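Bear in mind that the values in this text are calculations on the coordinates, not laboratory data. Remember, predicted model here, so these are calculated numbers, not experimental data. Here the Cβ positions follow ideal geometry from the backbone for every residue, glycine too, while neighbour counts run over all protein chains shown.
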Amino acid sequence: MAVIHIQNVVASTSIGEELDLNAISATFSNAEYEPEQFPGLVFRVPEPKTAALIFRSGKVVCTGAKSIEEVHTAVGIVCNQLRAHGFKTIDEPEITIQNIVATSDLGAELNLNAIAIGLGLENVEYEPEQFPGLVYRLSDPKVVVLIFGSGKLVCTGARKKSDAEDAVDKITAELSSLGLLF
């Protein structure tokens, strides 16, 4: 079983109907709203350290969480704080995980040229002059993994923690079977 470390969880939800972002910005010191720069209000939550991007429509994107539990906690904090100041929000918003970014370490130096050939060029992008990592697109689970010569991996596009774990396990097995992981 792969050891992965979640670096970021991005989730979306809807917390209500039309929201007055100017009023929210004026009420909270941890809220930034510059509509000429970005249409959403940035609501920072110190613990867990996250940011909720709140849009006038009531849609919210939460980013920066290190776990799915932290996403739920952060969204709950945002809703509770808004309600405490008279803004209407949904009591239990439905949260959808959009992306999990996780890292792992295979614990060995890797020959990315050999891996690019071994994994098959149709699923791999490797242009070391432009980017030091190999981009490997898996179809099952549907994720993208950046593989670096140091043996470190970055997995993005997962919707569940198990997708990232499965991707790392699959890559470990493929590289071992090709004799490229020692």
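Can you give the charge dipole size of the chain about its Cα centre, rounded to the nearest 20 debye, using +1 on the beta carbon of Lys and Arg and -1 on the beta carbon of Asp and Glu?
Around 260 debye, computed over the chain.
Find how much the distance from Asn30 to Asp169 grows on full extension, using 0.36 nm per residue of separation minus their present alpha carbon separation; answer in nm with one decimal.
46.0 nm
Return the label of the correct value of Cα Rg over 2.2 N^0.38 Å, as calculated from the structure shown, out of (1) 0.96; (2) 1.27; (3) 1.37.
Label (2) holds the value from this structure.
Given springs between every Cα pair under 10 Å in a Gaussian network model of the chain, which of Thr13, Thr156, Thr27 has the largest fluctuation?
With Cα springs under 10 Å in the chain, the top fluctuation among Thr13, Thr156, Thr27 is at Thr27.
Enumerate the residues in region 87-109 having an amide nitrogen under 13 Å from the point lying 7 Å beyond the Cα of Lys160 toward its Cβ.
Answer for region 87-109: 97.
Please name which of Ser139, His85, Cys155 has its Cα lying farthest along the dipole of the chain towards the positive end, using unit charges on Cβ (Lys, Arg +1; Asp, Glu -1) and the Cα centre as origin.
His85
Name the residues whose placed amide hydrogens come within less than 5 Å of the amide hydrogen of Val143, ignoring near sequence neighbours (fewer than 5 apart) on the same chain.
Answer set, sorted by chain and number: Leu138.
What is the distance in Å between the Cα centres of region 5-52 and region 108-182?
Here the answer is 34 Å between Cα centres.
Please compute the contact order of the chain in relative form: average sequence separation of alpha-carbon pairs under 8 Å and at least six residues apart, divided by the residue count, as a percent.
Taking the mean separation of contacting Cα pairs over the length of the chain, I get 23 percent.
Take the chain, connect every pair of alpha-carbon atoms lying under 10 Å apart with a spring to form a Gaussian network, then pick out the residue of Ser104, Ser29, Ser12 with the largest mean-square fluctuation.
Ranking Ser104, Ser29, Ser12 by mean-square fluctuation puts Ser29 first.
Give a residue-ordered list of calculated ³J(HN,Hα) values for region 170-182 (Karplus: 6.51 cos²θ - 1.76 cosθ + 1.60, θ = phi - 60°; whole Hz; x for Gly, Pro).
Residue by residue, region 170-182 yields 5, 5, 4, 5, 5, 5, 5, 5, 8, x, 9, 10, 10 Hz.
For the chain, what is the number of Lys pairs with C-alpha distance below 14 angstrom, counting only pairs 8 or more positions apart or on separate chains? Walk me through the numbers on the way to the answer.
Values: Lys49/Lys66; Lys59/Lys88; Lys66/Lys160; Lys66/Lys161; Lys142/Lys160; Lys142/Lys161; Lys142/Lys170.
Summing the qualifying lysine pairs gives 7.
Given the Cα-Cα distance of Asn111 and Glu94 and 0.36 nm per residue of separation, how much length would full extension add, in nm?
Here the answer is 1.7 nm.
Want the number for Phe55 to Ala23: 0.36 nm per residue separation, take away the alpha-carbon distance, what's left?
Details: separation 32, 0.36 × 32 = 11.52 nm, distance 1.27 nm.
Taking 0.36 nm per residue and subtracting the Cα distance, the gain is 10.2 nm.
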